[in-house]
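Written below as structure tokens is the structure these notes are about.
Each value in this text was obtained by applying a stated rule to the coordinates, not by laboratory testing. Small disclaimer: the values here were computed from a predicted structure and weren't measured. No Cβ is skipped: glycine too gets one built from the backbone with ideal geometry, and neighbour counts run over all protein chains shown.
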Amino acid sequence: MGKIWEQADRTDFGHPLAFCPEVIRLDTVDSTNSELMRRCRGGPVPAWTAVVSDQQTAGRGRLDRSWQSEPGSGLWCSVLVDLSGCPSTTWLPLISGLAVLDACAGLGAAVELKWPNDITAGGKKLGGILIESAGISDHWVVGIGLNVTVAHFPDSVALADLCSPLPDTQTVFHAVLGSLHAVVESWREITWDTSQVSGRYQSACSSIGAQLSIARPGVDTFIAQGVGIDESGHLVIQRVGEKPEVVVAADVVHATIYACTQKNS
């Protein structure tokens, strides 16, 4: 079996963050999520441990879609989050989206959120979030990918297109991880109440109020309007002449926003 990464760990990705016990820096890895999950299987890993790589050779998004992660082009990182006692873990992708939105705003980039896990700017994809079980009770791996210097796909954008001056990847990482920690710990302090974050998310989500093209396995694609978020963080949609219905993330193959209106909280 070949090496999963191309060099030994480095923990020198800038000055340490007080809440982060370790930042594992790699040149190349198959997937930062996969690497962090492997480490969790290998022994105790403290919460807020992070893995960052210059390149991913098998990066992926939701539903195992591939994510192009070339050297030096973006931030590819994963962090271990402990949600012990949280009764509403389905909100973690949305909470993480708000954290990335806050980080981008602090860097000078105006972005919006596309339900359930995309970060966009003017409807163009800037990045994505992938949440996976860490294999440890109540612990989750939050994977975040952001285009920093260049965007590789059609209808995508990089921070280089949005920020002047462009922050380096280390600065972006510190902003994202610091924001994620702040948002999650604030959520913990209010005993996982989702009423406040629901309002914030809905004000920042461009999927709400937009006409969406939604496809599910075994069902013809249909058009509906995004009308809100339910108590579990699922998208509420409404087809013309029909009652509102709930879309669970696992049921959606894709949801394309036809008319994107920039929103910021």
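Per-structure values
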{"read-out": "Residues of type aspartates and glutamates that residue 114 reaches as a straight line, Cα spacing below 17 Å, ignoring anything fewer than 8 places off in the same chain", "value": "102, 155, 230, 251"}
{"read-out": "Region 206-257 - charge dipole about Cα centre, Lys and Arg +1 at Cβ, Asp and Glu -1, debye rounded to 20", "value": "120"}
{"read-out": "Residue 18-residue 236 pseudo-label distance in nm [points 7 Å out on the Cα-to-Cβ vector]", "value": "4.0"}
{"read-out": "Paramagnetic reach from residue 245 (point 7 Å along Cα→Cβ, amide N under 12 Å) across region 222-239", "value": "222-225, 237-239"}
{"read-out": "Approximate shape of region 38-157 as ellipsoid semi-axes (Cα gyration tensor, √5λ), whole Å, largest first", "value": "24, 17, 12"}
{"read-out": "All-pairs Cα distance distribution in region 206-257, expressed in whole percent, bin size 5 Å", "value": "5, 23, 34, 28, 10, 1"}
